[in-house]
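Asks: This structure is in structure tokens; I'll ask about it shortly.
The values are calculated or read from the model by the stated rules, or taken from the named source; none is laboratory data. Just so you know, these numbers come straight off a predicted model, no measurement behind them. Methodologically, a virtual Cβ is constructed for each residue, glycine included, from the backbone with ideal geometry; neighbour enumeration extends over all protein chains shown. To get the accessible areas, we keep the full protein, side chains included, count just its heavy atoms, and leave off ligands, DNA and RNA. Shrake-Rupley method; radii C 1.70, N 1.55, O 1.52, S 1.80 Å.
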Amino acid sequence: MTDWREQLIVPRAPFIPSVVWVDDPTTDGFVAVSRNDDEPRWRALVEADEPIITQVDDGTTEPGTTGLQPSSSCSQPSLVAAMLSALEVREGHRVLEIGTGTGWNAAQLSERVGTGEHVVTVEVDPAVAGDARRALTGAGYSPWVVTGDGTNGYPPAAPYDRVICTASVRAIPRAWIDQTRPGGVIVAPWGTDYGDDALTRLEVHEDGSASGRCGINLAFMRIRHQRRDFLEPTADELNAADATRTTRGGRELFEMVTFARAAFTIGLRVPSCYLTVEDVDEDHRLIELHDVRSRSWARATLVRGKDPWTVHQLGPRRLWNEVDAAYAWWCDAGKPTPDRYGLTVTPDGRHDVWIDAPDDERRWSLTF
Ligand SMILES: C[S@@+](CC[C@H](N)C(=O)[O-])C[C@H]1O[C@@H](n2cnc3c(N)ncnc32)[C@H](O)[C@@H]1O
């Protein structure tokens, strides 16, 4: 038994709905797997150290049709354990969770604090919240399951010793800091629109600021209202786009899109830039950059053995040039890994990032 398994006291199966969703390689979407029709497959999903998608398209897609976007899930067990470990929940703590999902993590929290009365969990989707309430009651847990927007926290039960978000965020909501006691801890998957998020642990201070370090890679779904969005240029727009060549080679482009290499840094230096990477087939990869607000877009088309590769750009921003410059900055800065970064949220809500220490000269404010 590995360490993380020992930390997850509550079994997962009672919290997993009888219909879950899996990748469908034929459509690039998601199809339903029903426990009634295929118990062995459902059981294998429950027992794997993988996330389980429990809702797609905010519940608007029915089993039997193809889902496009996961909108609720039961998170990957080893990552749930890592987040709980970072949270350092103790008996008697008052805990706020944002993103109830299946309720499995709320049950883990209830076990840790000793009573469900001290756990509040907020879920934005009423149907998901209803299922979680039933699963929690059935398993003998009684946290408060609140249906609502968790970015507002839940003031009636504040202040909290611990706040944990199990959906990822681009900005730490002010309400979470205001509702955490000084010395309390906030844990969330946090990052920009460019690539994955980092497990981030902030301590709340007397002056209303919060600060802490970034850690391991967490690929969580975005909290509603902060979701990423992409552009699909029309054929006419594509024809009118600037076309240049990138002098970057395959290794550099790999670093530019990889969390543990340059991607986390690039996201911190290039605001409002959503990265997508599509492997069209074994020989063709598309790296695209999207800023829906300014309607700027860029695409590098990689063809095996055919470099230098073409870059198309359109809109008022030259996103590829911005990302390329941020990559050069990362190289000059000694290629800092995500775990060398920290975040300070000031009392007025500014998000400042720094490398190694808050007073490092490499400290800057993010723009959203
Ligand atoms: C990865 S799932 C949570 C996993 C969950 N903790 C568990 O144990 O199964 C993320 C959840 O966050 C919810 N969510 C998204 N935006 C939200 C918001 N603004 N407020 C509260 N919940 C939100 C989603 O509906 C989804 O159920």
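Asks: Take segment 176-197 and flag every residue that is closer than 16 Å to residue 263 by Cα, buried (at least 23 other Cβ atoms within 10 Å of the Cβ) and not hydroxyl-bearing (Ser, Thr, Tyr).
Replies: Let us first name the residues in segment 176-197 that are closer than 16 Å to residue 263 by Cα, namely 189-197.
Filter once more, so that each one left must be buried (at least 23 other Cβ atoms within 10 Å of the Cβ): 189-195, 197.
Hits for segment 176-197 are 189, 190, 191, 193, 195, 197.
Asks: Looking at segment 85-135, which of its residues are within 12 Å of the ligand (Cβ to nearest atom), surrounded by fewer than 21 Cβ atoms within 10 Å (Cβ to Cβ) and outside any helix (DSSP H, G or I)?
Replies: Correct list: 125 only.
Asks: Would you be able to say whether some residue in segment 146-168 is within 16 Å of the ligand (Cβ to nearest atom), of a type in the set (Phe, Trp, Tyr), open to solvent by 10 Å² or more (accessible area, probe 1.4 Å) and under 22 Å from the mean Cα position of the chain (by Cα)?
Replies: yes
Asks: Do we find a residue being surrounded by 19 or more Cβ atoms within 10 Å (Cβ to Cβ) and either at pLDDT below 95 or in contact with a strand residue (DSSP E or B) (Cβ under 6 Å, 6 or more places away or on another chain) (or both) anywhere in segment 326-338?
Replies: Within segment 326-338, one or more residues are surrounded by 19 or more Cβ atoms within 10 Å (Cβ to Cβ) and either at pLDDT below 95 or in contact with a strand residue (DSSP E or B) (Cβ under 6 Å, 6 or more places away or on another chain) (or both).
Asks: Return the residues of segment 203-234 that are more than 10 Å from the ligand (Cβ to nearest atom), more than 12 Å from the chain's Cα centre (by Cα) and not in a strand (DSSP E or B); say none if nothing qualifies.
Replies: 205, 206, 207, 208, 209, 229, 230, 231, 232, 233, 234 - these are the residues of segment 203-234 that are more than 10 Å from the ligand (Cβ to nearest atom), more than 12 Å from the chain's Cα centre (by Cα) and not in a strand (DSSP E or B).
Asks: So, in segment 69-84, of the ones that are hydrophobic (A, V, I, L, M, F, W, C) and part of a helix (DSSP H, G or I), which residue ends up surrounded by the most Cβ atoms within 10 Å (Cβ to Cβ)? Give the steps one after another, and end with the answer.
Replies: Applying the first criterion (hydrophobic (A, V, I, L, M, F, W, C)) to segment 69-84 yields 74, 79-84.
Filter once more, keeping what is part of a helix (DSSP H, G or I): 79-84.
Numbers: 79: 20, 80: 21, 81: 20, 82: 18, 83: 23, 84: 21.
Ranking the qualifying residues of segment 69-84, first place goes to 83.
Asks: Could you please let me know if residue 189 is of a type outside the set (Val, Ile, Thr), within 15 Å of the ligand (Cβ to nearest atom), farther than 17 Å from residue 349 by Cβ and part of a strand (DSSP E or B)?
Replies: Answer is yes for this residue.
Asks: Something else now. Scan segment 198-228 residue by residue and report those that are open to solvent by 70 Å² or more (accessible area, probe 1.4 Å), under 24 Å from residue 365 (Cβ atoms) and modelled with pLDDT under 95.
Replies: Of everything in segment 198-228, those that are open to solvent by 70 Å² or more (accessible area, probe 1.4 Å), under 24 Å from residue 365 (Cβ atoms) and modelled with pLDDT under 95 turn out to be 225, 227.
Asks: When you check residue 80 against the structure, is it away from the ligand (no atom under 11 Å from the Cβ) and hydrophobic (A, V, I, L, M, F, W, C), yes or no?
Replies: It is false that residue 80 is away from the ligand (no atom under 11 Å from the Cβ) and hydrophobic (A, V, I, L, M, F, W, C).
Asks: Can we say residue 231 is touching a residue at least 24 places away in the same chain (Cβ under 8 Å) and open to solvent by less than 50 Å² (accessible area, probe 1.4 Å)?
Replies: Details: touching a residue at least 24 places away in the same chain (Cβ under 8 Å): yes; open to solvent by less than 50 Å² (accessible area, probe 1.4 Å): yes.
Yes; evaluated as a whole, the condition is true for this residue.
Asks: While we're looking at this one, here's another question. Sort out which residues of segment 325-347 are under 20 Å from residue 196 (Cβ atoms) and hydroxyl-bearing (Ser, Thr, Tyr), and write them in order of number.
Replies: Once the filter is applied, which keeps residues that are under 20 Å from residue 196 (Cβ atoms) and hydroxyl-bearing (Ser, Thr, Tyr), segment 325-347 yields 327, 337, 341.
Asks: Another question about this same structure. How many residues, within segment 152-175, are of a type outside the set (A, V, I, L, M) and over 29 Å from residue 262 (Cα atoms)?
Replies: Residues in segment 152-175 being of a type outside the set (A, V, I, L, M) and over 29 Å from residue 262 (Cα atoms): 9 in total.
Asks: Now, a different point. Take residue 133 and decide whether it is over 21 Å from residue 83 (Cα atoms), at pLDDT 95 or above and among the basic types (Lys, Arg).
Replies: The answer is yes for residue 133.
Asks: For segment 35-58, name all the residues that are of a type outside the set (D, E, K, R) and either open to solvent by less than 30 Å² (accessible area, probe 1.4 Å) or within 9 Å of the ligand (Cβ to nearest atom) (or both).
Replies: Going through segment 35-58, the residues of a type outside the set (D, E, K, R) turn out to be 36, 40, 42, 44-46, 48, 51-56.
Of everything in segment 35-58, those that are of a type outside the set (D, E, K, R) and either open to solvent by less than 30 Å² (accessible area, probe 1.4 Å) or within 9 Å of the ligand (Cβ to nearest atom) (or both) turn out to be 42, 46, 51, 52, 53, 54, 55, 56.
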